[in-house]
1. Which of these, Ser103, Ser170, Ser32, has the largest mean-square fluctuation under a Gaussian network model of the chain (Cα springs below 10 Å)?
2. Tell me which of Ala16, Ser115, Ile178 sits at the most positive position along the dipole axis of the chain, charges placed on C-beta atoms (Lys, Arg +1; Asp, Glu -1).
3. Work out which helices of the chain, taken as complete DSSP H runs, extend at least 24 Å along their axis over the Cα atoms and score a mean Kyte-Doolittle of -0.5 or more, then list them.
4. Of the options Leu64, Pro101, Thr193, report the single residue whose Cα projects farthest towards the positive end of the charge dipole of the chain (beta-carbon charges: Lys, Arg +1; Asp, Glu -1).
5. Any chance you could run the full-extension gain for Ile184 through Glu94? It's 0.36 nm times the residue separation minus the Cα-Cα distance, nm to one decimal.
6. Taking the Cα of Arg128, stepping 7 Å toward and past its beta carbon, and measuring to each backbone N in the stretch 151-195: which are under 12 Å?
7. Around Thr228, under 11 Å between beta carbons, what's the net of Lys plus Arg minus Asp minus Glu among the other residues?
8. Mind putting together the pair-distance distribution for the stretch 153-206? All Cα pairs, 10 Å bins, whole percent per bin, short to long.
Amino acid sequence: MDDASAKPLLHDSASAILPLFAWLSPSYPVGSYAYSHTLEWAVEAGDVTDEATLVAWLVDLLTLGFGRNDAILLNHAYRAVRAGDRAALEEVNELALALSPSSELYLETSQQGRSFLDATLAAWPSPRLIPLEGDVAFPVAIGMAAAAHDIPLAVTIEAYLFGLVQTLVSAAIRLAPIGQTAGIRVSAALAGTVRDMAGQGIRLTLDDIGGATFRADLGSFHHENQYTRLFRS
């Protein structure tokens, strides 16, 4: 990799990351508030009942499940856009979509990814932002946009993963096993895990993708038939 292509991965000026504040804001029209990534079922089943069990649940999701995988996928989508390699980008996106273990989790990533890409193409256009057709996985869409706008890769992965944490903590507060102050503590407690997963994601290959969150994955099937639901996943 030459110095020119490496610079956006390392550059860390405040102005370079400004778009991330908009893209990962609750006001960005992707509908993240509608998804809990199986957390609603975990609360219903009694797996998540308080601050400590929420931290344990989210650490597993980040380190053994979709958090680590999303970091890897975002990394490779970013690099494909930087290289102008549409075929590689499409391959990453197809893999990301195929990793969804249930229809609800497929909807979660594909709806947010498509909405994010459409909104960003409209409001933050770039000639390097490849307009993929059809379903787009959320981490792939974020990686695409960050690469197209020269936002540092490491910062992008950390911000994306911490955005996931914030979304799930917000869901937990609405589901009532924790209050707002506990939610802040949970977010702070997971900051180190986010940094660790971002560091792994930037180094690992697509062959390193894998997961072991079997209870959460099975919970996503149960959630489809749950009697009362606030969330779509």
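1. Ser103
2. Ala16
3. In the chain, the long hydrophobic H runs are 103-123, 153-175.
4. Checking the options against the dipole of the chain, the answer is Thr193.
5. That works out to 28.9 nm of additional length.
6. 151-153
7. Net local charge, Thr228 excluded: -1.
8. For the stretch 153-206, the pair-distance distribution reads 25, 44, 23, 7.
Values in this text are rule-based calculations from the coordinates and carry no lab data. Keep in mind the model is a prediction, meaning the values are calculated, not measured. Note: ideal-geometry Cβ built from the backbone for every residue, glycine included; neighbour counts use all protein chains shown.
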